[in-house]
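**Student:** Quick one: the structure is below, questions incoming.
The values are calculated or read from the model by the stated rules, or taken from the named source; none is laboratory data. Here the structure is a predicted model, which is why all the values come from computation and not from measurement. A quick note on method: Cβ atoms are made from the backbone with ideal geometry, for glycine too, and the neighbour counts reach across all protein chains shown.
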Amino acid sequence: MASLLLYNIGSLATPRSENASRLSGLAMGNIHTEQNAAIFIENGVITRIGASSELEKEANVAERFDAKGMAALPGFVDSHTHTVFGGNRANEFAMRSSGKTYQEIAAAGGGILSTMNATRKASHEELFHIGKKRLDAMLRHGTTTVEIKSGYGLDTASELKILEVIQELARTHPMTIIPTFLGAHAFPPEYKNDREAYIELVCKEMLPAVKERNLATFCDIFCEENYFSPEQSERVLNTARELGFKLKLHADQLSDSGASALGVRLGAVSVDHLECTTASGAQVIAASETIATALPGASLFLNHPYPPVRALIDAGATVALATDFNPGSSVTFSMPMMMTLAATQMRMTPEEALTASTLNGASALSLAHERGSIEVGKRADVLLADVSHFYEISYHFAMNHIAHVIKDGKVVV
Ligand SMILES: [Zn+2]
């Protein structure tokens, strides 16, 4: 039997789910900590957690790994990214710094459509190599599970190409990868004057083709002024749901368009962004099963307001944190940076931020039954950080404290 003993852990910190699929409201602060601990892993699953001095006596161990007093925490679950795309938009970064807005840049031919052009041109092999390089960097920063969306193809062949790249990455990379179809990310130029025809294409051609090839778990949509209206979003999401996809929405990012309320009504697993969600909107989310995913990297990068996370948590919502890694509005792989922004900009406690980055992220991908916390029975996705307490990971910001990553019971970093 493949077994691994992680011993001599200085301080272990994890949300404790006790088989619950999430922690909501103030319970998000329930972090279990343990000093001088060890974790015993068999066939990729955590089978024992206890005092290092006790577990070190275990004779029947294939491999031993000395944590040298480092802190252990669950692998991060980044539940919202756009990792597979061609090119970059560093030129727009410069434009924005001289005062142009996201909408002005999009109107000048930049934004999602410039990435669409680069992605359409790229071959499967090119996208795979770019994607792999990005995932390797994410893993080094402690992300062990990631969601990746399509959405830079915006025609059937290119959307399928991106999802096939994601599928190959999922097959070959140690990280757990959950694919999402985001064909309704923007209207491509071919359909600029016939938006209805693009909705038809998404519903009648793309979604069935994705389903037939089993290329995505979730269907997402950019529900926003100048993108997809709530009515159009509802049509696409209803079609997706009937085909068996789980639902997510880019909601309330640039305006309060009613997107988060729509997501709640349709039973979406998560509504993501929420920068413009109002106090009453927060109450609606909190009263539902839908997870509120905050993406503070986009607020930082675009200089937009932050989502009302404190109000959401105080009202009882389940909040997750994710990077939204994408070339236009959040160019980072760092979940610890999101935890820093959570604490400094959104008044989350470091405990709540850890739960939001691990267990609740797993819940936003319907994976919390097997990932997202260090508990007996769960898959062994564990980080060793060169700090004495997990607070330091987000307190000492913009640097990578992750020294080792254990993924499914194997030391991969
Ligand atoms: Zn996004």
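**Student:** Filter region 68-102 for residues that are under 24 Å from Lys161 (Cα atoms) and of a type in the set (Ser, Thr, Tyr); which is surrounded by the most Cβ atoms within 10 Å (Cβ to Cβ)?
**Tutor:** Taking region 68-102 first, the residues under 24 Å from Lys161 (Cα atoms) are 78-89.
Now drop any that are not of a type in the set (Ser, Thr, Tyr), which leaves 79, 81, 83.
On the way: Ser79: 33, Thr81: 24, Thr83: 25.
So the residue we want is Ser79.
**Student:** Within region 206-220, track down each residue that is in contact (Cβ under 8 Å) with a residue 40 or more places away in the chain and either crowded, with 23+ Cβ neighbours inside 10 Å or of a type in the set (Asp, Glu) (or both).
**Tutor:** From region 206-220, those in contact (Cβ under 8 Å) with a residue 40 or more places away in the chain are 206, 209-210, 213, 215-218, 220; that's our starting set.
Scanning region 206-220 gives Met206, Val210, Ala216, Phe218, Asp220.
**Student:** Surrounded by 17 or more Cβ atoms within 10 Å (Cβ to Cβ), farther than 19 Å from Gln232 by Cβ and touching a helix residue (DSSP H, G or I) at 6+ places or on another chain (Cβ under 7 Å): is that true of Thr176 in this structure?
**Tutor:** Numbers: surrounded by 17 or more Cβ atoms within 10 Å (Cβ to Cβ): yes; farther than 19 Å from Gln232 by Cβ: yes; touching a helix residue (DSSP H, G or I) at 6+ places or on another chain (Cβ under 7 Å): no.
So Thr176 fails the test.
**Student:** If you don't mind, another one. Of all residues in region 103-123, which are in a helix (DSSP H, G or I) and buried (at least 20 other Cβ atoms within 10 Å of the Cβ)?
**Tutor:** Ile112, Ser114, Thr115, Met116, Thr119 - these are the residues of region 103-123 that are in a helix (DSSP H, G or I) and buried (at least 20 other Cβ atoms within 10 Å of the Cβ).
**Student:** Being in the same structural domain as Pro296 (by TED's automatic domain parsing), part of a loop (DSSP other than H, G, I, E, B) and either without any contact (Cβ under 8 Å) to a residue 24 or more places away in the chain or surrounded by fewer than 17 Cβ atoms within 10 Å (Cβ to Cβ) (or both) narrows it down to one residue among Glu242, Glu225, Glu231; which is it? Outline the logic, then answer.
**Tutor:** On the way: Glu242 fails: part of a loop (DSSP other than H, G, I, E, B); Glu231 fails: part of a loop (DSSP other than H, G, I, E, B).
Sole residue among the options that is in the same structural domain as Pro296 (by TED's automatic domain parsing), part of a loop (DSSP other than H, G, I, E, B) and either without any contact (Cβ under 8 Å) to a residue 24 or more places away in the chain or surrounded by fewer than 17 Cβ atoms within 10 Å (Cβ to Cβ) (or both): Glu225.
**Student:** Can I ask one more? Mind listing whichever residues of region 265-281 are of a type in the set (Val, Ile, Thr) and either modelled with pLDDT under 95 or touching an Asp or Glu at 6+ places or on another chain (Cβ under 8 Å) (or both)?
**Tutor:** Pass one, region 265-281, residues of a type in the set (Val, Ile, Thr): 269, 271, 277-278.
Those that are of a type in the set (Val, Ile, Thr) and either modelled with pLDDT under 95 or touching an Asp or Glu at 6+ places or on another chain (Cβ under 8 Å) (or both): Val271, Thr277, Thr278.
**Student:** Which residues, taken from region 57-102, are hydroxyl-bearing (Ser, Thr, Tyr) and either in a helix (DSSP H, G or I) or more than 27 Å from Asp272 (Cα to Cα) (or both)? Break it down stepwise before answering.
**Tutor:** Of region 57-102, the ones hydroxyl-bearing (Ser, Thr, Tyr) are 79, 81, 83, 97-98, 101-102.
Passing the criteria: Ser97, Ser98, Tyr102.
**Student:** Kindly indicate which of Val202, Val236 is within 12 Å of Leu154 (Cβ to Cβ), at pLDDT 95 or above and of a type in the set (Val, Ile, Thr). Don't jump to the end; show me each part of the working.
**Tutor:** Numbers: Val236 fails: within 12 Å of Leu154 (Cβ to Cβ).
Answer to the check: Val202.
**Student:** Out of everything in region 275-333 that is more than 30 Å from Leu113 (Cα to Cα) and touching a residue at least 40 places away in the same chain (Cβ under 8 Å), what residue ends up being nearest to the ligand (Cβ to nearest atom)?
**Tutor:** This residue is Val319.
**Student:** Please determine, by comparing only the residues of region 14-41 that are of a type in the set (Gly, Ala, Ser) and at pLDDT 95 or above, which one is farthest from Asp408 (Cα to Cα).
**Tutor:** Going residue by residue through region 14-41, those that are of a type in the set (Gly, Ala, Ser) are 17, 20-21, 24-25, 27, 29, 37-38.
Within this subset, residues satisfying the condition of being at pLDDT 95 or above are 24-25, 27, 29, 37-38.
Details: Ser24: 26, Gly25: 29, Ala27: 27, Gly29: 26, Ala37: 19, Ala38: 16 Å.
The selected residue is Gly25.
**Student:** So which residues in region 372-387 are within 25 Å of Leu23 (Cα to Cα) and not β-branched (Val, Ile, Thr)?
**Tutor:** Matches in region 372-387: Gly372, Ser373, Glu375, Gly377, Lys378, Arg379, Ala380, Asp381, Leu383, Leu384, Ala385.
**Student:** Could you list, in sequence order, the residues of region 8-24 that are over 19 Å from His369 (Cα atoms) and either within 24 Å of the chain's Cα centre (by Cα) or surrounded by fewer than 23 Cβ atoms within 10 Å (Cβ to Cβ) (or both)? Write out each step before concluding.
**Tutor:** Pass one, region 8-24, residues over 19 Å from His369 (Cα atoms): 8-12.
Answer for region 8-24, where residues must be over 19 Å from His369 (Cα atoms) and either within 24 Å of the chain's Cα centre (by Cα) or surrounded by fewer than 23 Cβ atoms within 10 Å (Cβ to Cβ) (or both): Asn8, Gly10, Ser11, Leu12.
**Student:** Next question. Arg265 passes all but one of (1) over 26 Å from Ser373 (Cα atoms); (2) within 15 Å of the ligand (Cβ to nearest atom); which number fails?
**Tutor:** Against the list (1) over 26 Å from Ser373 (Cα atoms); (2) within 15 Å of the ligand (Cβ to nearest atom), Arg265 comes up short only on (2).
**Student:** Then there's this: For the condition farther than 18 Å from Tyr198 by Cβ and modelled with pLDDT under 95, what is the one hit in Leu247, Leu254, Leu262?
**Tutor:** Values: Leu247 fails: modelled with pLDDT under 95; Leu262 fails: modelled with pLDDT under 95.
The match here is Leu254.
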